[in-house]
1. State whether the residues of region 508-520 include one that is touching a His at 6+ places or on another chain (Cβ under 6 Å), within 30 Å of PHE222 (Cβ to Cβ) and not charged (D, E, K, R).
2. Residue by residue through region 275-290, note down the ones that are assigned to a helix (DSSP H, G or I) and in contact (Cβ under 8 Å) with a residue 60 or more places away in the chain.
3. Could you tell me which of the residues VAL633, VAL639, VAL581, VAL585 is assigned to a strand (DSSP E or B), of a type in the set (A, V, I, L, M) and not assigned by TED's automatic domain parsing to the domain that holds LYS201?
4. Take region 519-537 and flag every residue that is assigned to a loop (DSSP other than H, G, I, E, B), under 17 Å from THR295 (Cα atoms) and within 12 Å of the chain's Cα centre (by Cα).
5. Kindly provide the set of residues from region 234-267 that are within 16 Å of the ligand (Cβ to nearest atom), assigned to a helix (DSSP H, G or I) and of a type in the set (Val, Ile, Thr), ordered by number.
6. Kindly indicate the residue of region 72-119 that is in contact with a Ser or Thr (Cβ under 9 Å, 6 or more places away or on another chain), part of a loop (DSSP other than H, G, I, E, B) and charged (D, E, K, R) and also nearest to ARG205 (Cα to Cα) among those meeting that condition.
7. What is the one condition in (1) crowded, with 16+ Cβ neighbours inside 10 Å; (2) more than 29 Å from ILE523 (Cβ to Cβ) that LYS612 does not satisfy?
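The values are calculated or read from the model by the stated rules, or taken from the named source; none is laboratory data. Since the structure is predicted, the reported quantities are computational estimates derived from the model, not experimental observations. So basically every Cβ, Gly included, is an ideal-geometry build from the backbone, and we count neighbours across all protein chains shown.
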Amino acid sequence: MILTGKRNSYPTYLLKIVLLAVILQTHPRAFAQEQKTFVIDASRPKGDINPNMWGIFFEDINMGADGGIYAELIKNRSFEFFRPMMGWKKLGKANEANMTILNRQEDQHQANPRYLRVDTRKVDSLIGLQNEGFRGIGIKEGLAYDFSLLYRQPNAGIRLKVELLDSLDQVIGQAEFQPNATKDNWQSGEARLTAQKTDPKGSFRLWFEGEGVIDLDMISLFPEDTWKGRKKGLRADMVQALADLKPGFIRFPGGCIVEGFDLSQRFQWKKTVGPIEDRQLIINRWNTEFAHRLTPDYFQTFGLGFYEYFLMAEDIGAEPLPILNCGMACQFNTGELVPLDELDPYIQDAVDLIEFANGSVDTRWGKLRAEMGHPEPFNLKLLGVGNENWGPQYVERLAIFQKILKEKHPEVEIIASAGPYSSGEYFEYLDKELRAMKVDIIDEHFYQEPKWFLNNASRYDDYDRKGPKIFAGEYAAHSRKATDAEQRNNWEAALSEAAFLTGLERNADVVQLASYAPLFAHIDGWQWNPNLIWVDNMNVYPTPSYYVQKAYSTNPGTQIIPLLEQEEPVAGRDSLYASSVLDNVHKQVIIKVVNTSATAKQVSFTVDGIKKLAKSAQVEILTIDDPLAYNPVGQQRQVMPKESTLPLKKNTLDLAMQPQSFYLIKIAY
Ligand code: AHR
């Protein structure tokens, strides 16, 4: 504009040129395309990076386990829900006279006392049962489904007809099963059905043909295509989504589920191992947690129990990181406490868990692990004591755990909770106490607005390097309230997480572990929002936050190297955030850079300290011009990484950053 308009005389023209140069010099930020220069010095590594730094957090929330990754398709298979017939519908003239729930009084069935008795002798027509699955049953054409059950019948009078149904109750797969005469002994039976049609909202039906009496329990249906083809295993697409993250660790089983609404509902790992039919079902604490998201049919069968968690960790190459109850129920609920002099069983659980994971097969718990199929140890090295507990009550209990665990198992690092808050009185009290106790690792949680994540990109720049290490154990940017149905993992949230993570990476010498939370949510069964991966009965839908996590977790590097602008870390000035690492295994310099502003940025990176760099860099870009964009379930993804390459001029890379964008840059050497 300055140089247009009325024709200028030569001196005036010159004057204006000079003026423009002065403005450019003194007000560089007035121009969107101002060149920023970031210098990376690969010859000055600032510390080693834990190769397992970026992990995942698994909790059975949002139908993450039952109805989710645990591939069982029958809801309430053992009739142990609070209402024994929940999920089941009686068919034909079935009524309380010919279908009854009985409760075994024998000791060996205490964990699974109920069963269903079907008596067809006095009915003149076919009777049956239909199971609705978890928000329907996802059925795929051509796929086989494995039906199984426990049964007993005095005479071989009753035959079973099993059927897969589509959402209109049309039969789309069937098989027959003839139970033996078993007298009083329970026996297992199975049959395979193949689906002739795809339906995301199918169901399952069972007809009782012939005349007689039969007892039934553990009525089960699994797809054949489970993860690694393991019978009665996990949903392959959901495990694959985790494996693709190449997570360094998996934290399990939570979360608040560890604590329980009260102590009776706490997670007790010993009740989740051994034969599946002996694992005692309990209510899922998220069943009743949120009044506006009540999920009355949410229970924990523990088909995904501690053995399966360890196995999944091994399968996806992640360190197992269990969190155990420390003798306190959730302080947002009952806050029940175990008296200090009665804490022994809780501590014994921790000691025994280490034996279950690592002990020789001659030990009690090591033997059980071997019997379940894994004689080799699981190499447990990390153990959390308490989740989001706070106050002196926590410190007192933790101290007892710490003393005994350190005496017996100094090789296992203990993770202590910093409570649910990231600052303030509760946080500061615990931070001081935990540092004084010299705990190994402190678990900090952040569920905050995107703005908080941006403002905290330098949170760890000044953390004490000599004290405990940090586990950023649960974080997610929340645009609105976590229970808001309209809130999805939008791009604004993911971008702010990407910016915050540059700060974790820059401080990886103190931040040893990091995981987004929660991990999974079923679109028809969630309680909490946002979440890293959404699913329905058929597919998984990674969120923008998933792709951000993946950029970090699949490119962790081995050493932090400084990335500076005028000798300062890039942590928010001009809406830019950046970090860099060296990967001396794959011989790469890796840069993560975020532009949170609505304008484009011109950035150049100069890499010093490496003699020979490749002539081009691999670039992965995540961006979309709508901060509220998200990846809707059942539709095409809006936010996905795109790949390209960029040339290097000697040791300098010029990058034209799009507005609201996250770049992962890899330069080989
Ligand atoms: O991730 C959901 C919940 O958030 C976890 O269970 C709890 O630890 C936190 O409050």
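1. Quick first cut of region 508-520, residues touching a His at 6+ places or on another chain (Cβ under 6 Å) only: none.
Among the residues of region 508-520, not one is touching a His at 6+ places or on another chain (Cβ under 6 Å), within 30 Å of PHE222 (Cβ to Cβ) and not charged (D, E, K, R), which makes the answer no.
2. We begin by selecting, within region 275-290, every residue assigned to a helix (DSSP H, G or I); these are 276-278, 285-287.
Of everything in region 275-290, those that are assigned to a helix (DSSP H, G or I) and in contact (Cβ under 8 Å) with a residue 60 or more places away in the chain turn out to be GLU277, ASP278, TRP286.
3. Numbers: VAL633 fails: assigned to a strand (DSSP E or B); VAL639 fails: assigned to a strand (DSSP E or B); VAL585 fails: assigned to a strand (DSSP E or B).
Criteria check complete, one pass: VAL581.
4. Correct list: empty.
5. Correct list: ILE257, VAL258.
6. Selected residue: ARG77.
7. It is condition (1) that LYS612 fails.
Let's see how each residue does on (1) more than 28 Å from GLN300 (Cα to Cα); (2) crowded, with 19+ Cβ neighbours inside 10 Å:
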residue	(1), (2)
ASP107	no, no
ALA111	no, no
LEU116	no, yes
PHE134	no, yes
TYR145	no, yes
VAL162	no, yes
ASP166	no, yes
ILE172	yes, yes
ALA181	yes, no
